[in-house]
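Data block below; observations after.
The values are calculated or read from the model by the stated rules, or taken from the named source; none is laboratory data. Keep in mind that what you see is a predicted model, and the values were worked out from it rather than measured. A quick note on method: Cβ atoms are made from the backbone with ideal geometry, for glycine too, and the neighbour counts reach across all protein chains shown. These area figures cover heavy atoms from the full protein model, side chains too; ligands, DNA and RNA do not enter into them. Shrake-Rupley method; radii C 1.70, N 1.55, O 1.52, S 1.80 Å.
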Amino acid sequence: MAVFVVRLVDIQVVQASTLNKQSLGKRSVPTILYGDRGSIVDTNGKVLAKTVVRYDITAVPAYAQKGYKTTVGGKSVTYTLSQTADQIAAATGAKASDIVKALTADKKSVYAKLVGSVDVDAYEKIQKLGISWIYPKRTTARTYPNGAVAGNLTGFMGTDGAQAGLELEYNKCLAGTNGSETYERGLDNVKLPGSTVTTKKAVDGGVLETTIDEYLQYQVQQDLAEQVKAIGATSGTAIVMKVSDGSLLAVADSDSVDPNNVDGSSTSNLGSKAFTDSYEPGSTVKSLIAAAAIDQGVATPATQETVPYSRTFPWGGRIADAEFHDTEQLTLAGILANSSNVGITQVGERLSKQTRYDYLKKFGFGSKSEVKFNGESVGQLGTPSSWDSQTNINSMFGQGIGTSAIQIASAYQTLANGGVRMPVTLVKGCKQSDGTVTDTPSAKGTRVVSEKAANDVVDMLENTIPEGTLAGMTPISGYNVAAKTGTAQIADAPGGGYGSDYIISVAGIAPAENPQYVVLVTFTKPTTLKTSFAAAPAFREIMSQVLENYRVKPSTTPATNLPDTW
Amino acid sequence: MVTTPSSLPRRLRAERAARKAAGEGSRTAEPDQTPGAALVAVRRLFAAESTAFFVILGTALFLAIFGLVMVLSSSSVEQYVETHDFFGAFLRQGIFAAIGIPLMLVVSRVPVWAWQRYAWHLLVASMFLQLLVFTPLGVEVGGNRNWIRLGSFSAQPSEFLKLALTIWIGMILVKKERKLGEWKELLVPLVPVVGIALALVLKGGDLGTTLILLMLVAVAVFIAGVKLRFFLVPLALLAVAIPVITATASSRTDRIAAWLSGCSSEEAYQSTCWQTTHGLWALASGGVFGVGLGNSKAKWSWLPEADNDFIFAIVGEELGLIGACVVLGLFIVLAVSFIKVLRRSDDAFVRIVTGGIMTWIIGQALVNIAVVLGLLPVLGVPLPLISAGGSSLIFVLVAIGVILSFLHRRPGDETPVRVSAETVGSLR
């Protein structure tokens, strides 16, 4: 008896932990707890990208050769291999012949993938069949419910993870962390009640909340695609930005990628050209020079200039306006409305090279926007010392320097926002699964020009549509719209020789008296009409939609209509 | 005074006969006389019994009911897997307990002389049942053809054989009281009968029961006062026979080899050591306080015979070291009570039969627990009173009933099994 008690103590107390470890080794089954990748949503929570559960249907061919047995209505039925393949095919939509092939390729194999990534419906149908040698394996797939809408921004996932766009940039936010748990099983693999121990918690990826309005993005993409086609451009971009906080509501690129079908797009279209491509912005820069001049007190909207068609410089350089005209007596407002190259250089020259450079720099040129989009361009602003005399002149009308479309949109946001530049934002934040929000952007603006200077420029730009370079464009009824066109010659490299191709653009602000939205459209190499007027229909369409979508109150004051001449 | 044990039964019998003749009339009239008579009768049923009677009865009842609970706990999962009914084994065990416990109480009223008178009948009946094992009625369970099945009812006649043989040995040794010194007298009929019984059980392949029977016979013969030298020959025979018998069945040699080698290899774990290893694991997971009733993990199909031969492992797992020690303790209580009966009795029959039954119940319990603890190779004997199994439960209860019948105080018996201490020494 004493022997027994000693032995009991030996087993149950002394050796217990060793024995328990051994037995746990046999009983415990580790399982994966899935932490799935988070969604990317638009500003209203509409899903742009999400993770869905999929199942790979795998099988053990070694056991499959005789088909399988099941009970139908209480009766035992045996299905042959080919009948089974038919059933699997019917459940998953795969080809029965492929399944048979996979099952019979190596009849002794213990693993064969029959159908990849079937959805939950198909998985349940397969499970219902009760085939003993079928092992569905859980996987996930990334889907983009809106297809190409915002595909340029969301980016996409490849087999090795995030490949582009927000998926890549915010991979840390989006990625889920798989956890693990163990449970103990009975000999017949029954999960023992109460035996589950979570060894590592699964953490679902965060939800990336963007500032994009999916509905607007869709409309803008449609309009853009239509106009690119209409004017025979090779590509185009359109940006809608909110004035008050610099958030991007829509960033459209023509032919943007459908992340569900990346192979269907050419590699040049896999990102967002609005961020990644640098171009010579052209006349849209004139507004910024004007704002700098007013801010420095060297000009007012009424500043009187005598503007000839062309100017020749001591170093032999020559500039001219786009169309021939007799020498005109233009105010600064008139110079902007008519987009006079000669006029803006006469005003701009009152500021030093360094001063103009500093203003452009403060407007956001020459550095990446706060979005830091994957592959974003810094543009080519150069430095004052790198500007030769001609570039110094050309830079005032947007030649010889390069910017991204986002930089131009941001500069116009600054003008529209009373001279305060807000950080450009594409992402509101990453809402982690525990409710905390990370990656929130800075909301701190920087003053670039005085409020007066900014407002004066916006007022002046109101002349563009009724009597300036956009005269002839049907006004957006009910709203005062300030706009500036840009027609930039395309150089092989900034400051290099120019060909006959242009990048045309319109940057606009509405309503002018209380700016709320900035719209920028650009088209590369239009063929039907090579002036910036070709961009007008797209601008008009998009701006109208923005004003309508956001129910902007129509203007109650008449357009400012500053005098263009003196 | 020098009293030979053999004189006592005879004297008792004579007294009884006399009392029967004298008291018959008055006793039958008794119950109808007063309204409280029934109460008095019930009280009389138990009131006058000795302490040992109640200790044995109480311990047996507790163990049987405890066994019922443990059978439910250890069998429910596997029962559900097999039949989709958690309570199958439990209900069956409950029914056996419901048969066995009243039977024990009834048997406890049987007069001692009746056991001697009907010893041969019992023996023949049990041998007959044991023979049925080899008819088409017999069923082989786990290599042991030790079962008979009638419809859905199955039983192990060897359990009955244990009881019958014990009583028969008691009877025959008492008869041969004076000739115990002569080996020829001892040889016939003891050796043929025991030999046949052992052969029958062994033929069925049940080594565990055979060992228990051997121990039982040895103890009974020893208590009867047979000279120690007579044990030498059978011991020598056994020393030769056991290895041979063991070697005849590969399942046995494997088990024993595995036990000897200590169950270290993976192959042994998968086959012969499976049960022992999982039994040890079950015990280990119980620790001191146990995982709680019903929380065993070994019972989830891991531990074969969890409700039967290895129920002690489940007790140890669910109720811990404490529960296991309580069970051990209760068997010790039973053993001590049996020894008390043995020592206090001056009736050789009572002593021999009590000794035999004690060897059977306590011996079997110890063997079973030793197996679970890995101290013995797997022998396949159930834990008396606790393990699932109707035949075992019923006949262990009946055997306890037999001992209780020795303790039962009958009207007129002032000292049914009480004798002064010094006579104990003189008996041998």
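Kindly provide the set of residues from segment B:364-390 that are surrounded by 22 or more Cβ atoms within 10 Å (Cβ to Cβ), in contact (Cβ under 8 Å) with a residue 60 or more places away in the chain and either assigned to a helix (DSSP H, G or I) or facing another protein chain (nearest Cβ under 10 Å) (or both), ordered by number. Selection gives B:Gln364, B:Val371, B:Val372, B:Leu373. For segment A:438-465, enumerate the residues that are part of a helix (DSSP H, G or I) and under 15 Å from A:Ile509 (Cβ atoms). Once the filter is applied, which keeps residues that are part of a helix (DSSP H, G or I) and under 15 Å from A:Ile509 (Cβ atoms), segment A:438-465 yields A:Glu451, A:Ala453, A:Ala454, A:Asn455, A:Asp456, A:Val457, A:Val458, A:Asp459, A:Met460, A:Leu461, A:Thr464, A:Ile465.
Just one of the numbered conditions (1) of a type outside the set (A, V, I, L, M, F, W, C); (2) surrounded by 13 or more Cβ atoms within 10 Å (Cβ to Cβ); (3) touching a residue at least 40 places away in the same chain (Cβ under 8 Å); (4) out of contact with any Asp or Glu (no Cβ under 7 Å at 6 or more places or on another chain) is not true of A:Pro475: (3).
Determine which member of the set A:Thr139, A:Thr43 is within 30 Å of A:Ser180 (Cα to Cα), among the β-branched types (Val, Ile, Thr) and not in a helix (DSSP H, G or I). A:Thr139 is the lone residue from the list that is within 30 Å of A:Ser180 (Cα to Cα), among the β-branched types (Val, Ile, Thr) and not in a helix (DSSP H, G or I).
Regarding segment A:417-432, can at least one residue be identified that is of a type in the set (S, T, N, Q) and closer than 19 Å to A:Asp245 by Cα? Yes. For segment A:1-39, the set of residues classified as assigned to a loop (DSSP other than H, G, I, E, B) and away from chain B (no Cβ under 12 Å) consists of A:Tyr34, A:Gly35, A:Asp36, A:Arg37, A:Gly38, A:Ser39, listed by residue number. Can we say A:Ile239 is away from chain B (no Cβ under 14 Å), closer than 17 Å to A:Gly155 by Cα and in contact (Cβ under 8 Å) with a residue 24 or more places away in the chain? So A:Ile239 fails the test. Has segment B:146-162 got at least one residue that is among the β-branched types (Val, Ile, Thr) and touching an Asp or Glu at 6+ places or on another chain (Cβ under 8 Å)? No; the residues of segment B:146-162 include none that is among the β-branched types (Val, Ile, Thr) and touching an Asp or Glu at 6+ places or on another chain (Cβ under 8 Å). Scanning segment B:300-350 for residues that are farther than 18 Å from B:Asn368 by Cα, in a loop (DSSP other than H, G, I, E, B) and not hydrophobic (A, V, I, L, M, F, W, C) yields B:Ser301, B:Ser345, B:Asp346, B:Asp347. Scanning segment A:190-201 for residues that are open to solvent by 40 Å² or more (accessible area, probe 1.4 Å) and either in contact (Cβ under 8 Å) with a residue 60 or more places away in the chain or in a strand (DSSP E or B) (or both) yields A:Lys191, A:Val197, A:Thr198, A:Thr199, A:Lys200, A:Lys201. When segment B:59-88 is filtered for residues that are free of Cβ contacts under 8 Å to residues at least 24 places away in the same chain, more than 19 Å from B:Leu393 (Cβ to Cβ) and not charged (D, E, K, R), the ones remaining, listed by number, are B:Tyr80, B:Thr83, B:His84, B:Phe86.
Please enumerate the residues belonging to segment A:144-158 that are under 16 Å from A:Gly375 (Cα atoms), open to solvent by less than 10 Å² (accessible area, probe 1.4 Å) and either in contact with a Lys or Arg (Cβ under 7 Å, 6 or more places away or on another chain) or outside any helix (DSSP H, G or I) (or both). Answer for segment A:144-158, where residues must be under 16 Å from A:Gly375 (Cα atoms), open to solvent by less than 10 Å² (accessible area, probe 1.4 Å) and either in contact with a Lys or Arg (Cβ under 7 Å, 6 or more places away or on another chain) or outside any helix (DSSP H, G or I) (or both): just A:Gly155. Between A:Gly334, A:Gly271, which is among the small types (Gly, Ala, Ser) and not in a helix (DSSP H, G or I)? Being among the small types (Gly, Ala, Ser) and not in a helix (DSSP H, G or I) holds for just one of A:Gly334, A:Gly271, which is A:Gly271. Look at (1) in contact with a Lys or Arg (Cβ under 7 Å, 6 or more places away or on another chain); (2) more than 14 Å from chain B (Cβ to nearest Cβ) and you find that A:Ile57 fails only one, number (1). Can you find even one residue in segment B:328-350 that is within 10 Å of chain A (Cβ to nearest Cβ), touching an Asp or Glu at 6+ places or on another chain (Cβ under 8 Å) and surrounded by fewer than 24 Cβ atoms within 10 Å (Cβ to Cβ)? No, there is no match, as no residue in segment B:328-350 is within 10 Å of chain A (Cβ to nearest Cβ), touching an Asp or Glu at 6+ places or on another chain (Cβ under 8 Å) and surrounded by fewer than 24 Cβ atoms within 10 Å (Cβ to Cβ). Condition test on A:Glu323, is it at pLDDT below 90, among the charged types (D, E, K, R) and in a loop (DSSP other than H, G, I, E, B)? Yes, satisfied. If you go through segment A:159-180 and keep only what is open to solvent by 30 Å² or more (accessible area, probe 1.4 Å), of a type outside the set (Val, Ile, Thr) and either within 14 Å of chain B (Cβ to nearest Cβ) or assigned to a strand (DSSP E or B) (or both), you end up with just A:Ser180. Summed over segment A:540-566, residues that are in contact (Cβ under 8 Å) with a residue 60 or more places away in the chain and within 24 Å of the chain's Cα centre (by Cα) total 9. Here A:Ala559 fulfils each of the conditions (1) farther than 28 Å from A:Glu323 by Cα; (2) among the aliphatic types (A, V, I, L, M); (3) open to solvent by 10 Å² or more (accessible area, probe 1.4 Å) apart from (1). Here A:Val6 passes the criteria (1) open to solvent by 10 Å² or more (accessible area, probe 1.4 Å); (2) in contact with a strand residue (DSSP E or B) (Cβ under 9 Å, 6 or more places away or on another chain); (3) of a type in the set (Val, Ile, Thr); (4) at pLDDT 85 or above except the one numbered (2). Can you find even one residue in segment A:33-55 that is in contact with a Gly (Cβ under 9 Å, 6 or more places away or on another chain) and exposed (fewer than 15 other Cβ atoms within 10 Å of the Cβ)? No, the conditions are met nowhere in segment A:33-55.
Using the structure shown, decide if A:Lys69 is basic (Lys, Arg), in a strand (DSSP E or B), out of contact with any Gly (no Cβ under 7 Å at 6 or more places or on another chain) and open to solvent by 30 Å² or more (accessible area, probe 1.4 Å). In short, yes.
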